[in-house]
Amino acid sequence: MGSTIYSVIAFNGAINANTAKGTGLSDEDIKIFDKAMINAIPFCRTRSKIGQTPRLYLRIEFSDNKTFLNDLREYIKFESEDELTVRSIDNFEINIVDFAEYLKNFSNRIKSVHYWKDERLQINGWSKVEENFKDKMQKIKPLEE
């Protein structure tokens with residue numbers, strides 16, 4: 001086996017509304033967090049991060065503090081002609097069709113969908129998310145104050 005040439009790694013997390021209330025977490029704090037999640041790797045270059053680039057960031061904000069989602073990674077698929085020959089972002093796409101359908105089940109409880117995506121990332125199903133949540137999409141602009 002050789003070394004990894006290219007990989008895509010997904011992370012999942014949640015903000016606990018009850019804990020956030022107790023710590024005084026504000027909407028502004030969450031906006032700072034969003035930007036930090038996108039900017040952390042590009043702004044903190046080290047040898048271990050060479051070639052690492054964020055490609056997609058999503059945060060779903062609910063209108064209540066009782067709704068929760070399954071691990072969203074279960075609804076996202078990595079697709080390529082041959083996973084062993086992936087060498088760049090041009091060699092694969094992310095399929096989020098199932099993700100879009102799953103989220104649609106919660107549309108009446110979703111206040112907003114905060115997102116940032118790499119322009120080069122090919123996403124099958126992104127238009128479905130935009131269509132389902134057209135009035136709720138909030139683009140994150142990581143370089144703006």
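The values are calculated or read from the model by the stated rules, or taken from the named source; none is laboratory data. These numbers come from a predicted model, not from an experiment. Neighbour counts are summed over all protein chains in view; Cβ atoms, including those assigned to glycine, are modelled from backbone coordinates with ideal geometry.
The residue list Glu81, Glu74 contains one member that is part of a helix (DSSP H, G or I) and either crowded, with 16+ Cβ neighbours inside 10 Å or touching a helix residue (DSSP H, G or I) at 6+ places or on another chain (Cβ under 9 Å) (or both), which is Glu74.
Mind listing just one residue for me: the one in the stretch 41-53 that is in a helix (DSSP H, G or I) and surrounded by 12 or more Cβ atoms within 10 Å (Cβ to Cβ) and, of those, modelled with the lowest pLDDT?
Among residues in the stretch 41-53 that are in a helix (DSSP H, G or I) and surrounded by 12 or more Cβ atoms within 10 Å (Cβ to Cβ), the one modelled with the lowest pLDDT is Lys49.
Please find, within the stretch 98-123, the residue that is surrounded by the fewest Cβ atoms within 10 Å (Cβ to Cβ) out of those that are touching a residue at least 12 places away in the same chain (Cβ under 8 Å) and of a type in the set (D, E, K, R). Restricting to residues being touching a residue at least 12 places away in the same chain (Cβ under 8 Å) and of a type in the set (D, E, K, R), the top hit is Arg120.
Scanning the stretch 5-33 for residues that are in a loop (DSSP other than H, G, I, E, B), more than 13 Å from the chain's Cα centre (by Cα) and of a type in the set (Gly, Ala, Ser) yields Ser7, Gly24, Ser26. Considering only residues of the stretch 92-124 that are under 19 Å from Pro54 (Cβ atoms) and assigned to a loop (DSSP other than H, G, I, E, B), which is farthest from the chain's Cα centre (by Cα)? It comes out as Phe92.
Residues in the stretch 4-36 that are among the aromatic types (Phe, Trp, Tyr) and surrounded by fewer than 10 Cβ atoms within 10 Å (Cβ to Cβ): Phe11 alone. When Glu83, Glu61, Glu28 are screened for being under 22 Å from Pro142 (Cβ atoms) and without any contact (Cβ under 8 Å) to a residue 12 or more places away in the chain, only Glu28 passes.
When Tyr6 is tested against (1) at pLDDT below 90; (2) under 20 Å from Lys139 (Cβ atoms), only condition (2) is not met.
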